[in-house]
Every structure is written in structure tokens, then in C-alpha cells.
């Protein structure tokens, strides 16, 4: 199965959102739950983007875009897991 360029962009966006969320949250706490916060944030951002696409009709909503955004968030949390 070939993964299209758009899905990789969503993955990268989810990774970045999660990574930044965890790094910023770690300033205030060292609790490992901030990794879940990172994944949750990337999930919300991914879903919000697809809802925006549907409501605004400026894009094509695709549930797999939201899935790849979340997968990027999970990947970032896995990378950061070793630091927390």
C-alpha cells in the first residue's frame, strides 16, 4: 500500500503538534501523562481540520487524514517517552 504525500503531511503535522505540546507542558510538570496530552492534542487538531474542511467546503474531508495526524502524535510521544 502506497501512502500518499498528503497523509505524510498530516503525519508530520500531528508529530509537530504533539511534540510541541509535550515540550511546552513539560515546563510546568514532569508527569508522564503529558505524553497522553500530546496525543490527545494531535487527535483534536486532526479532527478539527477535517470538520473545518467539511463545513467550509475549502477542502476534502477524509477520516484517514485525521488518523494520520493522530499517528504522528503517537509517534512523537513514543520518541519523547525516553525523556519522561
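Okay, here's what the table says:
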item	result
Selection count where residues are touching a residue at least 24 places away in the same chain (Cβ under 8 Å) and either within 14 Å of residue 15 (Cα to Cα) or assigned to a helix (DSSP H, G or I) (or both), scope the range 27-39	5
Flag for residue 43 being in contact (Cβ under 8 Å) with a residue 40 or more places away in the chain, under 16 Å from residue 17 (Cα atoms) and in a helix (DSSP H, G or I)	no
Restricting the range 7-44 to residues that are over 14 Å from residue 76 (Cβ atoms) and either modelled with pLDDT of 95 or more or touching a helix residue (DSSP H, G or I) at 6+ places or on another chain (Cβ under 7 Å) (or both), the residue that is surrounded by the most Cβ atoms within 10 Å (Cβ to Cβ)	7
Test: residue in the range 63-83 that is modelled with pLDDT of 95 or more, over 13 Å from the mean Cα position of the chain (by Cα) and under 22 Å from residue 5 (Cβ atoms)	yes
Those residues of the range 63-84 which are outside any helix (DSSP H, G or I) and either surrounded by 12 or more Cβ atoms within 10 Å (Cβ to Cβ) or at positive phi (or both), in sequence order	84
The lone exception for residue 24 - which of (1) without any contact (Cβ under 8 Å) to a residue 40 or more places away in the chain; (2) within 17 Å of residue 68 (Cβ to Cβ) it fails	(2)
Meets criteria (outside any helix (DSSP H, G or I) and at pLDDT 90 or above) for residue 60	yes
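The values are calculated or read from the model by the stated rules, or taken from the named source; none is laboratory data. Fair warning: this is a prediction, and the values are worked out from it, not measured in the lab. All Cβ positions, even for glycine, are placed from backbone atoms using ideal geometry, and neighbour counts span all protein chains on display.
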